[in-house]
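First the structure, in the form of C-alpha cells, and then the observations on it.
The values are calculated or read from the model by the stated rules, or taken from the named source; none is laboratory data. These numbers come from a predicted model, not from an experiment. Backbone-built Cβ (ideal geometry, glycine too); neighbour counts: all protein chains shown. Ligands, DNA and RNA are excluded from the accessible area calculation, which covers all protein heavy atoms including side chains. Shrake-Rupley method; radii C 1.70, N 1.55, O 1.52, S 1.80 Å.
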Amino acid sequence: MFKKFTNGCVRVVNRWLPDPFLFAIILSIVVYVAAMLGTQQGPVAMIKAWGNTSGFWNLLAFSMQMALVLVLGSAMASAKVFKRFLGAIASTAKNKKSAILITTFVSVICCWLNWGFGLIAGALLAKEVARRVRDVDYRLLIASAYSGFVIWHAGLSGSIPLTISGGYTIGEATYQAGTNLTIFHPMNLLMCAVILIVMPFVNYAMHPDTEHTITVDPALLVDEAEKEYSVSTPAEKMEHSKILWIITIVAGFAYIVFYFIDVVQKSGPAGIPNSLNLNIVNFIFLFVGVLLHGDLRKYVDAIGEAASGAAGILLQFPFYAGIMGMMVAANANGVSLASIISDFFVSISNNVTFPLFTFLSAGIVNFFVPSGGGQWAVQGPIVMPAASKMGIEAGRACMAIAWGDQWTNMIQPFWALPALGVAGLSAKDIMGYLVIVLIFTGLVACGGFLLWAALF
C-alpha cells in the first residue's frame, strides 16, 4: 500500500509538474482574469497594475536579497575548511543508524542557519558519510540530508519573517513583527526543536533491510581536484593578496560588531534577536564566507559557481511582483482581489483555525509558487489583512505562511537531484521517504499552531 501511494505521487509529479516559471505565467493569467471579474476593473487597468513600478518591478530589492541568501550560503558551504569540518563530523558515523541520525541532525541545523548553506552542506555531508559507512542506504541518506530543508523558513534565512521584521507594506497598510515574535518566538523554537530531535529517528526507522538496501560505490563520491591558481602576474598577486583579504574581513566584521553594539545600546541585549533582517544576515554570511575561503580570488570563484542556482529567483520574482500588483489593485470603491479573498477567510475562520487554514493553503500554493519570497508576494496581501481584521498577531500569521511554504518542499526534492545522480538514482527513489517526513512535519506544525493559539 505504501509503495503504491508513493509511486502514485511520483507519477503525478513527473507527469504534471512543469518548470516553476510556467506556474508563474499561469498564475499571472488566473489572477488577471479573477481581478477583473472580482473588482470590475477593465483589462487595461489590470495590465497597468501588473506591469508598473508598483507591480512587476516592486520586488527588485527583495529579489536581490533572496538571490544573495542562496548564493552567499552556498559559497560559504563550499569553503575547503568547511568541507574538512564536515569530514570530521562524518567520521563520527560508525554504522548506518548513526549515519542517518548525524546526517539529519546536521542538515536541520545548517538549513535553520541558512537554506542555501544547508542544502549544500547536507549533500556534502551525505557524500562524506557514504564513503565511510558502506552499508547505509544511499537513497535514505540523501533523503535525510534533504529533509533538513523542511525547517529553513523558520530559521535565520527565512525570507518572510526577516522581511516583515522591518515592516512590510501591502497596499496602504504596513505590517511589522520583530524576529522575537517570529523566528525566536517560543512556539516556533519549540516546533523546530521537536523536528530537530525527533526527525532523525523517524528517518532511521525507515531504513530498509539488508536485502533491499541500495549502496553507492565510494569511488563515485571522490571530489574533483581543487583548482590550482597561478600567482605570477601583478594582477594575480593582487587577487590573492592577504593584505587585501585582511582589510576586507576586518572592515566587514567591524561593521557587524558596531551594528550589534548600537542595538544593545538602544534596546539592550534582548534587542539582538529583533535586529535581524535580510540585509544583516546576508552581510554576516558574506564576510564569514570571505573569511573561510581565506582568499579573495577563491571567494569570487565560489560566488560564480553558486550564482547559477539563483537563476530561477531572478526570472520568476518580477512575475510574482506583477501578481501582487494585480491582487492589491483597488477599484473606485477600494475593493481589490486580495480584500475579497481576505474577507472570505475572515468569514469562515476564527483565531484558532485561521493560522491552520493558512498553513495548509500555503502548502498547496507552494506547489505552484515554490519560492518562499514569491509565495509571500502572492499570499501576503491576502493573509495579513485578514489576520489584522481578526486580531491575530502579524508574527503568527506570517509564520503560518512560512511553515506551509517549507512543508511541501519535501515532495519537491529537486535540490537533491545532483547528489542522487552520483549514485544513478532519481527523485522517485527518495520520494517515499520524504512523504513520511511530510506527514510527520505536518503533524508537528498543526499541533504547534494549535498550541500557539492556546498558550499565547
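Listing for the model above:
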read-out	value
Those helices (runs of 4 or more DSSP H) lying entirely in region 278-367 with at least 3 residues farther than 18 Å from MET390 by Cα	278-293, 296-307, 311-328
Search result, residues across region 42-88 that are closer than 30 Å to ASP295 by Cα and touching a Phe, Trp or Tyr at 6+ places or on another chain (Cβ under 6 Å)	SER63, LEU72, GLY73, MET76, ALA77
Conditions (1) in contact with a helix residue (DSSP H, G or I) (Cβ under 8 Å, 6 or more places away or on another chain); (2) open to solvent by 10 Å² or more (accessible area, probe 1.4 Å); (3) in a helix (DSSP H, G or I): number failed by ASN58	(3)
Some residue of region 424-434 being more than 30 Å from ASN351 (Cβ to Cβ), at pLDDT below 70 and within 16 Å of the chain's Cα centre (by Cα)	no
Filter pass, ILE102 being farther than 30 Å from THR163 by Cβ and either surrounded by fewer than 18 Cβ atoms within 10 Å (Cβ to Cβ) or basic (Lys, Arg) (or both)	no
Checklist (1) modelled with pLDDT under 85; (2) part of a helix (DSSP H, G or I); (3) open to solvent by less than 70 Å² (accessible area, probe 1.4 Å) applied to ALA270, failing item	(3)
Tally, over region 160-175, of residues that are touching a residue at least 60 places away in the same chain (Cβ under 8 Å) and farther than 15 Å from VAL383 by Cβ	3
LYS83 being at pLDDT below 90, part of a helix (DSSP H, G or I), of a type in the set (D, E, K, R) and out of contact with any strand residue (DSSP E or B) (no Cβ under 6 Å at 6 or more places or on another chain)	yes
Single residue of region 251-263 satisfying the filter (touching a helix residue (DSSP H, G or I) at 6+ places or on another chain (Cβ under 8 Å) and either outside any helix (DSSP H, G or I) or open to solvent by less than 60 Å² (accessible area, probe 1.4 Å) (or both)) that is modelled with the lowest pLDDT	VAL263
